[in-house]
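Single-structure report; data block below.
Only the coordinates and a few stated rules stand behind these numbers; no lab work does. Just so it is clear, the model here is predicted, and its values are computed rather than measured. Cβ atoms come from the backbone with ideal geometry, glycine included; neighbour counts cover every protein chain shown.
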């Protein structure tokens, strides 16, 4: 059984809207950053990652209930605060609550149940995007941004709405973070090669230096864009190039981590903080975007600037 479908005509069905107060309006402590959504010239449609990870507390086992106030609060103080807020200077932020699939959907042996749960989640994302296009967009440039499960849905969304479609002309860039995606995932949308390119897509998955995950087969051959260089080279990028990360308690930390693409993985050295000698993380999945907060923020502004100067994405659309 699935929970009730969201009604996207109601603001309560959105985790973030530029017209309501939410965690995406926040800026990190110890930073001089400002939320300027009111004057932003582009939109971001942000699809958050899996937060439905614990034992279900109601009859809905596979998909989250968008009316679950406790889960929605967790979504606000984690991904909306730490990830969606990256875009609040250059974009108006639209992020729908959706019946996200439980984390187990990606690992269950009951693949039909897992696929069904993911399809329910994508149905909501698609419905929210349709509502956004008809009621909020008003012919503005669009950025698609996502993390983890969100990138699973964003990849489908790009195929359904942008890849070889007329709407592609409004696509500034797609940040599909925290999910392994092959370079040829799309027919017409190409991976980025330069920091100012538009109509392209970007992805990376963060791990500790010299670590190869046990399920590396998932990442082998995946695209890895270094967010300190904005290309897929294996050149080392020193932490001096890192304009600022968001660490614990939503605190801004400049020059926090370095980055290097290695065989489809983004390797970083251990962050230097009090007590960091005791940090033994090898997968930094949760911090895929936090670590590169300011570099993403500046890159968003640069690509929007390029888009506005060109007027639209210039590419062959069948």
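With no solvent and one equal point scatterer per Cα, compute the Debye intensity ratio I(q)/I(0) for the chain at 0.07, 0.09, 0.13, 0.16 Å⁻¹ and report its log10, rounded to two decimals.
Computed log10 I(q)/I(0) values: -0.25, -0.42, -0.94, -1.49.
For a protection proxy built on the mean count of beta-carbon atoms within 10 angstrom, sort 95-105, 113-123 highest first, please.
95-105, 113-123
Hey, what did region 165-306 get for relative contact order, percent, Cα under 8 Å, at least 6 apart?
So the answer I get is 27 percent.
Using Cα pairs under 8 angstrom and six or more residues apart, how large is the relative contact order of the chain, in percent?
18
Show that you can apply the helix-only estimate: for the chain, add -39,500 (n - 2.57) for every DSSP H stretch of four or more residues, divide by all residues, and state [θ] at 222 nm to the nearest 500.
Working: 4 runs with 60 residues, N = 318.
Theoretical 222 nm ellipticity from helices: -6000 deg cm²/dmol.
Where both partners of a DSSP beta bridge lie in the chain, what percent of those bridges are antiparallel, to the nearest 5? Don't jump to the answer; show the numbers that get you there.
Numbers: 12 of 36 bridges.
Percentage antiparallel, nearest 5: 35.
Can you give the FRET efficiency for residue 235 and residue 190, using 1/(1 + (r/R0)^6), R0 = 30 Å, r = Cβ-Cβ distance, to the nearest 0.05?
With a Förster radius of 30 Å, E is 0.90.
For region 12-44 and region 127-161, what is the separation of their Cα centres, given in Å?
Comparing the Cα centres of region 12-44 and region 127-161, I get a distance of 17 Å.
Which translational diffusion coefficient, to the nearest whole µm²/s, is obtained for region 23-180 from the Stokes-Einstein equation, given a Kirkwood hydrodynamic radius over C-alpha pairs, 25 °C and 0.890 mPa s?
151
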